[in-house]
1. Counting every Cα pair in the stretch 36-192, what percent are over 27 Å apart?
2. On a full-extension model of 0.36 nm per residue, what is the gain between GLU264 and LYS281, subtracting their alpha-carbon distance, rounded to one decimal in nm?
3. Please compute the net charge surrounding PHE44, taking Lys and Arg as +1 and Asp and Glu as -1 over other residues with Cβ under 13 Å from its Cβ.
4. Once the other residues with Cβ under 13 Å from the Cβ of ALA21 are scored (Lys, Arg +1; Asp, Glu -1), what is the net sum?
5. What percent do you get for the relative contact order of the stretch 48-199 when only Cα pairs under 8 Å and 6+ apart count?
6. Do the sum for the chain: with -39,500 (n - 2.57) for every DSSP H run of n ≥ 4, divided by all residues, what is the mean residue ellipticity at 222 nm, to the nearest 500 deg cm²/dmol?
7. Over the stretch 124-247, with a single point scatterer placed on each C-alpha, what log10 of the ratio I(q)/I(0) does the Debye formula yield at q = 0.09, 0.12, 0.16, 0.21 1/Å?
8. Which order do you get for ARG58, ARG95, ARG139 if you rank them by accessible area with a 1.4 Å probe, largest at the top?
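The values are calculated or read from the model by the stated rules, or taken from the named source; none is laboratory data. Computed from a predicted model, the values in this text were never measured in an experiment. Positions of Cβ are backbone-derived with ideal geometry, glycine not excepted, and every protein chain shown enters the neighbour counts. In case anyone asks, the SASA skips ligands and DNA or RNA and just uses the protein heavy atoms, side chains included. Shrake-Rupley method; radii C 1.70, N 1.55, O 1.52, S 1.80 Å.
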Amino acid sequence: MTSKTVKLSLSSIEADEGDGAVVRRSIGRPELKLLDPFLMLDEFKVKPPAGFPDHPHRGFETVSYVLKGTGQHEDFCGHKGALNSGDVQWMTCGRGIVHCEMPQGTDEAHGLQLWVNLAKKNKMIEPAYQELLDKDIPRSTENGTTIKVIAGKAFGKTSPMYTRTPTMYLDFKMQKGSSVDQPIPTGWNSFIYVLSGSAHFGNSDKPTPGKPYDTLVLSEEGDFIHISNLESDTCHFVLIGGQPLNEPVAQYGPFVMNTDEEIEQALLDYKLGQNGFENAKTWKSEYLKNG
């Protein structure tokens, strides 16, 4: 077995996004526009009245993971609900969806949103949702490391989350003095985003340090990543990996297709309310109705 190494390390700074929200962008920035199959990762902090009011998507999936607080969501298909601390929603946008994402109550909502690309054959499927409550996400603790298996498998646990694009999404909390060798399939694109604390990642002979808000892109070569926490009381990070689609990517904001012509069609469909956007002309979220 060979350890993966860190081939790129970037730090994320705060920026405004949506309607008054603050995010730290990991993937989806000029230095790292995409990491096939991943299009974006944002760490968000949103406090009312800020948020992400009614907006469309087509051609990919969004994965919303709430770390603290509560987020409410609704869409033009009639899906509506709330995500509390530790909950995950995996939304397949498919051929088209318009939805609203806002914090609930008066407290700040803090979490991560990941965009996962869909293969050409899946871009125009019907929208779908999967939601896992925190209590239903498999987890395990071994030798000072606690892991939540949001997607994929680790520590003998397998997530029930179905991923159309083969994906692993793991949440780690490592105590001081702990270390772990986490398998990752060879050839997958993978990265780590550090939320708090610090640790060392990669070959034990020459590891790369990671601190809060760092994105560490791992090499395709190797079949595991060695991680050790030598200094921090607790290091909290996510490890995300996926099988590359190796397909052309054409993106215009919230629309992700394979060609520019398909993007033009998506814009037209949204404007005219057709081919999956039939409800877009008349639907308005309860948030906007009551605002």
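1. When all Cα pairs of the stretch 36-192 are counted, 25 percent exceed 27 Å.
2. Result: 4.3 nm gained on full extension.
3. Numbers: positive: ARG24, ARG25, LYS45, LYS47, LYS68; negative: GLU14, ASP16, GLU17, ASP19, ASP42, GLU43, GLU101, GLU108.
It works out to a net charge of -3.
4. Net local charge, ALA21 excluded: -4.
5. Reported as a whole number, the value is 21 percent.
6. -1500 deg cm²/dmol
7. Taken in order of the listed q values, log10 I(q)/I(0) reads -0.25, -0.45, -0.78, -1.27.
8. Largest accessible area first, the residues go ARG139, ARG95, ARG58.
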